[in-house]
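Asker: Okay, handing you the structure first.
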Amino acid sequence: MSGRAASAREVLRRGGIILLFTGYLLLCTLTTVATGEVWSLITWGGFAVVGALLLLRRSGNAIGRILLGLALYWGLYGAFTVPGVAEALPAVVEVALSSLGYAVWMLLPVLIVVFPSGRVTSRLGGTVAVLAGAVAALVVAMAVVGPGDLPFSARPNPLGVTALASLSRAALGDETFLSVPLIGALALVDLILRWRRADGATRLQFRWLAYGTAVTVLILGSSLLLTDPPPVVNAVLTLGINAIPAAIWIAVTRHGLYEIGRVVSRTVSYAIVTAVVIGIYVLAVTSATWLVPGLPALGVAVATLVAAALFLPVLRSVQRRIDRRFDREHFDAQKTVDEFGDRLRTGRDPAATGDDLLDAVERTLQPRTLGLWTAGGAP
């Protein structure tokens, strides 16, 4: 009977997770159809997918709960921007949703301190979690009782207390929200300290999180440099925020964990080559148009051909140099294997290559233990 009950609970748990994910998709669909905005789906889609997948694999994982929770909140927020939705619901529902927005950002430092195991593992991480919870509770309480108009429907807050107006404004002011970057900084210090104490796979997990965060920061910074980008470019830039949940998925599940060097090298290489090719394209267009003012189409065609012809050679050249810096393990491993193959092709006695084989395996695969067995011989 207990086995059946456990199976039933597992079915309900998985069904609930799938239902929450489906609800997120429905909310995003409603927002897109009604307003044409797709930011809630593009920006938080990766959070929802990774959060749901982690919870399906590990029900108690706090990382999965945070990721899916973030996606659900912003999915609801997007739905409330649809005209008439907020007005059709009780005002207290709008109060709850708008108040939680002040605390949602506190989930980000908590996400850092529970990475990668899903639980707090250090004293400083526990302090960060407590501080984040305390600040979140304070701002939510003050937002609930703060008098004034609600953000979506402009209705007066039915829970507002006029006597607490000044206190609410102080708690929701810029001074309080300085705690978000400060607590985030403490979370990063905790991450660095845990990274320094870690080794092996755990250290690689921290590298994946750092990589995902760096990509997101780079993309957000790039978007600030573009004034009024086309919708397609804006969507691609926004989609890049999902680098964080993608990196978390790889780190937590350890699928492709040891490919961090190669991924970083490919990212850097394509960024450099893209910048070079775009520069050549612009230079070719400008030069051809200047030399032949009456044939602007010719300039575009020449620039396209030049950029296409140079892309692969430039990529190969840059890739070799970047691999030496960011993908050193793969670069050294390939070099070792090539050297070992060259030695075998020189016609040496295979029985005398045992030491070379052990050395090649140790330098490329780096196993904990290593031994060599030969037919009719001792290990």
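Asker: Residues in segment 159-181: is at least one over 16 Å from Ala103 (Cα atoms), of a type in the set (Phe, Trp, Tyr) and not in a loop (DSSP other than H, G, I, E, B)?
Answerer: No - not one qualifying residue is present in segment 159-181.
Asker: Do any helices (runs of 4 or more DSSP H) entirely within segment 7-111 hold 2 or more residues that are of a type in the set (Val, Ile, Thr) and surrounded by 18 or more Cβ atoms within 10 Å (Cβ to Cβ), and if so, which?
Answerer: 39-57, 62-80
Asker: Taking the criterion of being within 23 Å of Val85 (Cβ to Cβ), outside any helix (DSSP H, G or I) and touching a helix residue (DSSP H, G or I) at 6+ places or on another chain (Cβ under 6 Å), would at least one residue in segment 128-148 satisfy it?
Answerer: Scanning segment 128-148 turns up at least one residue that is within 23 Å of Val85 (Cβ to Cβ), outside any helix (DSSP H, G or I) and touching a helix residue (DSSP H, G or I) at 6+ places or on another chain (Cβ under 6 Å).
Asker: Name every residue in segment 157-171 that is touching a Gly at 6+ places or on another chain (Cβ under 7 Å) and in contact (Cβ under 8 Å) with a residue 40 or more places away in the chain, in order of residue number.
Answerer: Asn157 - this is the single residue of segment 157-171 that is touching a Gly at 6+ places or on another chain (Cβ under 7 Å) and in contact (Cβ under 8 Å) with a residue 40 or more places away in the chain.
Asker: Give Ala187, Ala214, Ala154 a once-over and let me know the one that is of a type in the set (A, V, I, L, M, F, W, C), surrounded by 13 or more Cβ atoms within 10 Å (Cβ to Cβ) and either at pLDDT below 85 or outside any helix (DSSP H, G or I) (or both).
Answerer: Going through Ala187, Ala214, Ala154 in turn, the sole match is Ala214.
Asker: Let me ask something else about it. Could you please let me know if Thr43 is among the polar types (S, T, N, Q), under 19 Å from Gly212 (Cα atoms) and in contact (Cβ under 8 Å) with a residue 60 or more places away in the chain?
Answerer: Judged against the criteria, Thr43 is a match.
Asker: OK, next. So, in segment 121-135, exactly how many residues are closer than 21 Å to Ala251 by Cβ, of a type outside the set (Gly, Ala, Ser) and modelled with pLDDT of 90 or more?
Answerer: 2
The values are calculated or read from the model by the stated rules, or taken from the named source; none is laboratory data. Bear in mind the structure is a predicted one, so any value in this text is a computation, not a measurement. Note that each Cβ is placed from the backbone with ideal geometry, even for glycine, and that neighbours are counted across all protein chains shown.
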